[in-house]
Amino acid sequence: MNRQLQMGTILAAAVWSFAPMARADVVDAALTESVETGNPGQTVAFYATVTNPSSTDTVYLNGDSFSTSTPLLTLDDGPFYANAPLFLAPGGSSGPFEMFDVGIDPSMAPGTYSGNFFSILGGRDDATFNDLVDVPFSVKVEGATAATPEPATSWFLVIPLIAFEALRRRRHSGKIMKD
C-alpha cells in the first residue's frame, strides 16, 4: 500500500507540473498601426494597447527585446520604459501609448521591411522575464525627395566657381606675357 501511495504522489506531481495553469505569463498587445511609413533619415513611432487577459493574476511588464530585419532600422525602446505600466491587474488594459520608435537610416532604399519583432518580457512578479508577447511590425520606406536649392542659395555655389575661373585666367594670361 505504501508503494501505491508513493506512485500516486509521483503521478500527481507529474500531472500538476505539466497541467496548464491560469497563466500570468501572457499578455495581448495590439499595435495601432502595424506598418509605419517614413523617409530615409526619419524616425517613426509605434503605438500599442497592452491587455492582461487573465481573470486572476497580475502580470508585470519588466522589460523588452526586439529584432529588426536589417541593421539600417534602429529600434529605440525608451518609449516602452517611459510609457508602459509596471504591471497590469487581472483583466487590465493600458494604451494606446507610444511603445517604441524606429529610426530609418539615411541610406535605406525605398520598400517595405517586414520580419521585425518587439517582445514584452515579464511575468508573475517584478523579477520574471518570460516572453509575454511578440509583436510583429513593418516599416515602409518611401523615396526621399531631393531638396531644390533656393535661388539665393544657388549663388553661393556659383560665385566660387566664377572666382576660380577668373583666377585661372589671370594666372594663365600672366604666363603668356612673360614668354
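The values are calculated or read from the model by the stated rules, or taken from the named source; none is laboratory data. Keep in mind that what you see is a predicted model, and the values were worked out from it rather than measured. No Cβ is skipped: glycine too gets one built from the backbone with ideal geometry, and neighbour counts run over all protein chains shown.
Being under 14 Å from the mean Cα position of the chain (by Cα), loosely packed, with under 15 Cβ neighbours inside 10 Å and touching a residue at least 40 places away in the same chain (Cβ under 8 Å) is the filter here, so list the residues in the range 118-144 that pass it.
Correct list: Pro136 only.
I'm trying to understand the selection: among the residues of the range 69-107, which are part of a loop (DSSP other than H, G, I, E, B) and closer than 14 Å to Val44 by Cα?
Selection gives Leu72, Asp77, Asp105, Pro106.
Every residue in the range 108-140 that is closer than 19 Å to Glu36 by Cα, aliphatic (A, V, I, L, M) and either part of a strand (DSSP E or B) or touching a Pro at 6+ places or on another chain (Cβ under 6 Å) (or both), please.
Met108, Val135, Val139 - these are the residues of the range 108-140 that are closer than 19 Å to Glu36 by Cα, aliphatic (A, V, I, L, M) and either part of a strand (DSSP E or B) or touching a Pro at 6+ places or on another chain (Cβ under 6 Å) (or both).
For the range 53-69, which positions are free of Cβ contacts under 8 Å to residues at least 60 places away in the same chain and more than 12 Å from Phe117 (Cα to Cα)?
Once the filter is applied, which keeps residues that are free of Cβ contacts under 8 Å to residues at least 60 places away in the same chain and more than 12 Å from Phe117 (Cα to Cα), the range 53-69 yields Pro53, Ser54, Ser55, Thr56.
If you go through the range 33-52, how many residues are buried (at least 16 other Cβ atoms within 10 Å of the Cβ) and without any contact (Cβ under 8 Å) to a residue 60 or more places away in the chain?
Number satisfying all stated conditions: 3.
Against the definition (modelled with pLDDT under 95 and surrounded by fewer than 14 Cβ atoms within 10 Å (Cβ to Cβ)), how does Ser55 come out, yes or no?
yes
Answer yes if at least one residue in the range 54-72 is closer than 14 Å to Glu36 by Cβ, touching an Asp or Glu at 6+ places or on another chain (Cβ under 6 Å), acidic (Asp, Glu) and assigned by TED's automatic domain parsing to the domain that holds Glu33, and no otherwise.
no
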